[in-house]
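Scroll down for the structure; my scribbles are underneath it.
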Amino acid sequence: MKKRILSLLCALCLLLACAPSAPALEGEAQRAADTLITLGLLDDTKYDLSAPVDKVTATTMLVLLSGGVTNGGKSERLRDVPQASSDAVSYAVRQGWVKAASDAAFGAGQNVMANDWFSMLLSMLGYKDFTASEAATYARRVGLISRAYTGLVTFGDLCESALDVLRFRYPDGDAVVERLVKRELCKASAVNALGLNRQSLTAREIADRYMSAVFSLALYDTEDAILADEISADASGFFISADGLAVTNYHSIDGSIQAVATLVTGESFPVERVVWYDVGKDLAVIRVSRTTLDNRQISRFATLELVGTADLRPGDIAYTLSNPLGLGLAVSEGVISATARKVERYELPCVMSTADISQGSSGGALLNAFGRVVAVTSGAYRVGNSMYLAVPVDIFKTLNLSGTGLTLAQVAAKEAEAQTQQKPSAPEEEEPEAIRSGF
């Protein structure tokens, strides 16, 4: 196995040697290249990170990431593939990860476009429900990569995306880098030193890995607002199933008759139904369509894992992913201040933290240090500093969410009727300054 990966590295180095050397570039691409060198997936040499990547170089990197396995059958050598890369290219073609230009030629000199590269990566990881023309967008939508890639792929792009892929998990649960360690193709000591298998995450890692599972929510209260495309309110939400089930606050959708969820990719999807909601608990589960507003079908969304508050303690690190002020998705960091703070407006005791949220953050995710959701970001105290409130998600672990539910308009009509049927009561007093303002 080690001989196979060494031969692949030699082939990759020979291919890269054809491009002129350049001084080491600062930034993410150089950091990614240095990481790959430390792991033994690149040779310790100088690379032109701005140079375009050809098809053979990309394929060789692909096979390295897959585990460097190049045996398992023979095929005729494609005439335009260098001898040193022949095994890797033949293996990738046999696996169906990449296509040759013809029976005799690979198309070795072709520069690789972003959709080409991510089609290769997604195929290697076992994904089949994507189209090659939108592979880069799909890769970001499912959380494989942390930024948008378009046009020609440079060697720096190749390194950055390869680093993202190392942390990604196969359907069987193993991260790519874990599989490489198991096959003794990367040293566990190097993986540990780089923190690639560290369970607790930084704010940057939270944003990179999980922002794809969160969305901005634009809400419309009237038909006139819909016709004029004038948003009545902004909120947030996050997916808990790949087919579109998502969590938000009830007060986020209260009174709205239409809503649109927008992902970090910029894709927008209408909200189809409200599957479950509870006014007192201020929680709702909605179903987001898998057809975009411009009528494109997509197959899946990235998701967040719900763990609840059982293991949460004051002082724990906390992160929020939400849509503050309706300006777009953002991350914030803080600590848990209290795990079960009783608040007058909520039936459930709230989690209080110092992780900033603002108007528009309602329905966002409050995550623990491991990237799992403990609560739904919901509001804050009117006075005081860094006293932000979130509703625990524990209830979702026991709910049956298989029902059809209601449209937003039906929910709005149902709740409006319920309010008119309530018995008259004494006028409500003005909300005390100490009670939170809903976000």
Considering only DSSP states other than H, G, I, E and B, which trypsin sites (Lys or Arg not before Pro) in the range 277-360 qualify as loop sites with at most 11 other Cβ atoms within 10 Å? LYS342
Calculated from DSSP H runs of 4 or more alone, at -39500 (n - 2.57) each and per residue, what is the 222 nm mean residue ellipticity of the chain, nearest 500? -8500 deg cm²/dmol
Can you grab the distance from the C-alpha centre of the range 144-223 to the C-alpha centre of the range 353-425, Å, no decimals? 29 Å
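Pulled fully out, how much extra length does the chain show between ASP278 and LYS99, if you take 0.36 nm times their separation in residues and subtract their Cα-Cα distance?
Full extension of this stretch gives 59.3 nm more.
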Modelled label-to-label distance, THR292 and GLU305, 7 Å Cα→beta-carbon offset: nm? 3.0 nm
Take every Cα-Cα distance within the range 225-276, group them into 5 Å bins from 0 onward, and report for each bin the whole-number percent of pairs it holds. 4, 15, 32, 27, 15, 5, 1
Rank the residues ASP394, ASP129 as a footprinting-exposure proxy: fewest other Cβ atoms within 10 Å of their Cβ go first. ASP129, ASP394
LEU122 neighbourhood, Cβ < 13 Å, K/R = +1, D/E = -1, net charge 0
Within a Cβ distance under 15 Å of ASP316, other residues only, what is the Lys/Arg minus Asp/Glu net charge? +1
Which of the residue pairs LYS128/LYS397; LYS281/LYS397; LYS128/LYS187; LYS46/LYS99; LYS281/LYS414 have a Cα-Cα distance greater than 19 Å in the structure shown? LYS128/LYS397; LYS128/LYS187; LYS46/LYS99
Correct response: the longest run of the chain lacking exposed GluC sites (Glu not before Pro), defined by DSSP loop and at most 16 other Cβ within 10 Å, is 77-183
What distance in nm separates the two pseudo spin-label positions at ARG372 and ILE231, each 7 Å out from Cα along the beta-carbon direction? 3.2 nm
How about LYS182: which aspartates and glutamates have a C-alpha closer than 13 Å to its C-alpha, ignoring those fewer than 8 places off in the same chain? ASP174
Cα-Cα separations in the range 252-342 greater than 21 Å, expressed as whole percent: 49 percent
If each of LYS46 and ALA416 carries a label point 7 Å out from its Cα toward its Cβ, how far apart are those two points in nm? 7.0 nm
The chain - percent relative contact order, Cα under 8 Å, separation 6 or more: 12 percent
Quick one: check the C-alpha center-to-center distance for the range 39-58 versus the range 312-335, whole angstrom. 36 Å
Among GLN419, GLN83, GLN30, which one moves the most in a GNM of the chain with springs linking Cα atoms closer than 10 Å? GLN419
If each K or R counts +1 and each D or E counts -1, the residues other than PRO171 whose Cβ falls under 15 Å of its Cβ total 0
Once the Cβ-Cβ distance between ALA203 and ASN385 is put in as r, and R0 is 30 Å, what FRET efficiency do you end up with, to the nearest 0.05? 0.90
Going out from 0 in 10 Å bins, what whole percent of all Cα-Cα distances in the chain drops into each bin? 4, 20, 26, 21, 15, 9, 3, 1, 0
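Values quoted throughout were computed directly from the atomic coordinates according to the rules given, and no laboratory measurement underlies them. These figures come from a predicted structure and were not determined experimentally. FYI the Cβ positions are ideal-geometry reconstructions off the backbone, even for glycines, and counts take in every protein chain you see.
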